[in-house]
Amino acid sequence: MSTVDPVLAFNEALQRRDLGMMMDLMTEDCIFENTYPPPDGSRHEGRQSVQAFWEDFFSHSSSSRFEVEEIFGEGQRCVMRWTYHWAQPDGAAGHIRGVDIYRIRAGRICEKLSYVKG
């Protein structure tokens, strides 16, 4: 298994909004740093906190999707550039570009640090 495999599987589960599979791909002591609010984003530590973030995200982002632009990994680290697409309340399309830096341990994601342009 490469460092990239669990990240690609996580992203596929994210697109399907399969929270169970997403969390199966993360360690119990996982860390997730969101892009919002500026300047540092919110930090979620532990599986319960990370899962609560994604539950809230899905409840407010029904028409969103992430598009992978580039992904590569080496050792315990994986980097993925992405574009996040959503529909505004008036139907207009919106997007933002960013990058996630992952750390993988024993084939599972133990850290996901997210950053955006802008």
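The values are calculated or read from the model by the stated rules, or taken from the named source; none is laboratory data. Source: prediction; values computed, not measured. Positions of Cβ are backbone-derived with ideal geometry, glycine not excepted, and every protein chain shown enters the neighbour counts. For accessibility, only protein heavy atoms count, side chains too; no ligands or nucleic acids. Shrake-Rupley method; radii C 1.70, N 1.55, O 1.52, S 1.80 Å.
For region 57-78, indicate whether the set of residues that are surrounded by 10 or more Cβ atoms within 10 Å (Cβ to Cβ), of a type in the set (A, V, I, L, M), touching a strand residue (DSSP E or B) at 6+ places or on another chain (Cβ under 6 Å) and without any contact (Cβ under 8 Å) to a residue 40 or more places away in the chain is non-empty. Scanning region 57-78 turns up no residue that is surrounded by 10 or more Cβ atoms within 10 Å (Cβ to Cβ), of a type in the set (A, V, I, L, M), touching a strand residue (DSSP E or B) at 6+ places or on another chain (Cβ under 6 Å) and without any contact (Cβ under 8 Å) to a residue 40 or more places away in the chain. Might you let me know whether region 35-56 holds any residue that is in contact (Cβ under 8 Å) with a residue 60 or more places away in the chain, in a strand (DSSP E or B) and surrounded by 13 or more Cβ atoms within 10 Å (Cβ to Cβ)? No, the conditions are met nowhere in region 35-56. Counting only residues that are at pLDDT 95 or above and not in a strand (DSSP E or B), which one in region 105-118 is least open to solvent (accessible area, probe 1.4 Å)? Across region 105-118, the extreme among qualifying residues is GLY107. Restricting attention to region 7-25, the residues that are under 12 Å from the mean Cα position of the chain (by Cα) and over 22 Å from HIS60 (Cα atoms) add up to 4.
Within region 89-104, the set of residues being under 18 Å from GLN15 (Cα atoms) and open to solvent by 50 Å² or more (accessible area, probe 1.4 Å) comprises ALA93, HIS95, ILE96, ARG97.
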